[in-house]
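The values are calculated or read from the model by the stated rules, or taken from the named source; none is laboratory data. Just so it is clear, the structure is predicted and the values come from calculations on it, not from any experiment. Don't worry about glycine lacking a Cβ; one is built from the backbone with ideal geometry, like all the others, and counts go over all protein chains shown. The accessibility values were calculated without ligands, DNA or RNA, using every heavy atom of the protein model including side chains. Shrake-Rupley method; radii C 1.70, N 1.55, O 1.52, S 1.80 Å.
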Amino acid sequence: MRTATYERWIRPIAQLEPCNDQPVDASIVAYRLGEIMLAQSASGMAHYLRDQHTIAHSHFNDCLFMRLLLQGRLRGRFGDEQVDIKRGDIYLTDMAQVSELWLAEDCRHISVMLPRSRVDDMAVHGKLLHGEWLPCRMLREHLIAFVEVLRDCSDDTVTEMIKATLELLRFCLRTGETSSDRQPAEDARERIVRYIDQHLADGNLGALRLQQVFGISRAQLYRQFAELGGVKHYILNKRLQAVLHDLCHEPHQNIVTIIGRYGFSSERQFQRAFRGRFGMTASQVRAGWQYKAEADDVDGGSEE
């Protein structure tokens, strides 16, 4: 029943196609609030298509569809432009134009349907507001709060919340994102990685330091490095790689001096991590490298 209700609701908006032979597990709770409609929805993996046929039979063609992605990830096509949308992003669809969405995993949204005229003549189709951008964060927190307080709001409060929603949206569209404001996850991670590379010797380098330097939350930081095993794991591996390099290229340097250079406060802690990473001790690595270097010298001398 829940999925059937969702399919009836979505039919004037887009054609729904499951990504496998099973029905799409989906649900929606929608509120009609004067000139806007506010909805919370959840959907499993699926393909959504708003084509010319759907547009021709839809009564939403003079509307703008604004969606906040609370969970999951998806890919969208708006006209000829294709975008990747991640959790925390807000994206906009002009309902008079063709669009497609591919949900790669279970997703949750907060959606707002509003008259297209409320954003004047601004270009909005396929507009993506990145979750890291401050104005987007303001709009996102407002939408979440709107849903949370909706059931207990008076009519006057709902009217004010709608007004605030529209003002925040227009502010985002008027302000626009500059290259310095817009910080996609990949770019942000690259900046953090550069900082880590430059501060491996800092014994205080860790999640807390990175949060302070880059002004991001613990959750944001861990999302940036989730696919790399986590930020703590990444820093440890970078330090171990740096030690390995110096062991091989500075044969006369004391091992304790080298490991101290890269923020290891305990030799025992280092040896355990190093053996776990490379399968041998630092002394064994150095001895093997020196033996190889000497053998190469002998081979080179015999050739001469």
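Once label points are set 7 Å from the Cα along Cα→Cβ at both Arg75 and Arg118, what is their separation, rounded to one decimal in nm?
It is 3.2 nm.
Towards the positive end of the charge dipole of the stretch 84-139, with charges on Cβ (+1 Lys, Arg; -1 Asp, Glu), say which of Leu92, Cys136, Cys107 has the farthest Cα.
Cys136
Could you give the angle, 0 to 90 degrees to the nearest 10, between helix 155-175's Cα long axis and the longest principal axis of the Cα atoms of the chain?
Once rounded, one gets 50 degrees.
Measuring from label point to label point, each 7 Å out along Cα→Cβ, what is the Ala96 to Ala287 span in nm?
7.9
Over the chain, what is the relative contact order in whole percent, taking alpha-carbon pairs under 8 Å and six or more residues apart? Write out the running numbers ahead of the final one.
Working: 433 pairs, mean separation 35.0, N = 304.
Averaging sequence separation for qualifying contacts and normalising by length gives 11 percent for the chain.
Computing the accessible area with a 1.4 Å probe over protein heavy atoms, can you report the carbon and sulfur percentage for the chain? All intermediate terms of the calculation are to be shown ahead of the outcome.
Details: 8220 of 16790 Å².
C and S atoms contribute 49 percent here.
Please work out whether the stretch 1-83 counts as rounded, prolate or oblate from its C-alpha gyration tensor, where a ≥ b ≥ c are the square roots of the eigenvalues and a/c under 1.5 means rounded, while otherwise a/b larger than b/c means prolate and anything else oblate? All intermediate terms of the calculation are to be shown ahead of the outcome.
Numbers: a/c = 1.31, a/b = 1.07, b/c = 1.22.
Note, shape of the stretch 1-83 comes out rounded.
Which FRET efficiency value, to the nearest 0.05, is calculated for Gln271 and Asp156 with the Förster distance at 51 angstrom and r the Cβ-Cβ distance?
Efficiency computed from Cβ-Cβ geometry: 0.15.
Work out, step by step, the length gained on full extension between Asp106 and Tyr31: first 0.36 nm times the residue separation, then minus their alpha carbon distance; give nm to one decimal.
24.8 nm
What does the extension gain come out to for Arg170 and Glu227, with contour length at 0.36 nm per residue minus their alpha carbon separation? Don't jump to the answer; show the numbers that get you there.
Working: separation 57, 0.36 × 57 = 20.52 nm, distance 3.50 nm.
Going from the current span to full extension adds 17.0 nm.
What ³J(HN,Hα) values, in whole Hz, does the Karplus curve 6.51 cos²θ - 1.76 cosθ + 1.60 give for the stretch 44-58 when θ = phi - 60°, with x put for Gly and Pro?
x, 4, 6, 10, 10, 10, 10, 9, 5, 4, 4, 4, 5, 10, 9
Using a/c under 1.5 as the rounded threshold, could you call the stretch 16-160 rounded, prolate or oblate? The axes a ≥ b ≥ c are square roots of the C-alpha gyration tensor eigenvalues, and prolate needs a/b larger than b/c, oblate otherwise. Don't jump to the answer; show the numbers that get you there.
Details: a/c = 1.41, a/b = 1.26, b/c = 1.12.
It is rounded, given that a/c, with a ≥ b ≥ c, falls under 1.5.
Using a 7 Å offset from the Cα along the Cα-to-Cβ direction at both Ala219 and Ala145, what is the distance between the two label points in nm, to one decimal?
Going from the Ala219 label point to the Ala145 one covers 1.6 nm.
Mind giving me the FRET efficiency for Arg194 and His252? R0 is 22 Å, r the Cβ-Cβ distance, nearest 0.05 is fine. Each step should come with its number before you reach the end.
Numbers: r = 30 Å, r/R0 = 1.38.
The pair Arg194/His252 has a calculated efficiency of 0.15.
Whole-Hz ³J(HN,Hα) for each residue in the stretch 130-136, computed from phi via Karplus 6.51 cos²θ - 1.76 cosθ + 1.60 with θ = phi - 60°, x for glycine and proline: what do you get?
Residue by residue, the stretch 130-136 yields 6, x, 7, 6, 4, x, 5 Hz.
Using a/c under 1.5 as the rounded threshold, could you call the chain rounded, prolate or oblate? The axes a ≥ b ≥ c are square roots of the C-alpha gyration tensor eigenvalues, and prolate needs a/b larger than b/c, oblate otherwise. Write down the numbers at each step before the final one.
Details: a/c = 3.04, a/b = 2.44, b/c = 1.24.
Since a/c reaches 1.5 and a/b is larger than b/c, the shape of the chain is classed as prolate.
For the chain, how many pairs of lysine residues have a Cα-Cα distance under 26 Å, where the two are 8 or more positions apart or belong to different chains? It would help to have the intermediate numbers written out before the result.
On the way: Lys86/Lys127; Lys86/Lys232; Lys127/Lys163; Lys238/Lys292.
Qualifying lysine pairs in the chain: 4.
What whole-number value in Å² describes the accessible area per residue of the chain for a 1.4 Å probe?
Numbers: 16790 Å² over 304 residues.
For the chain, the solvent-accessible area averages 55 Å² per residue.
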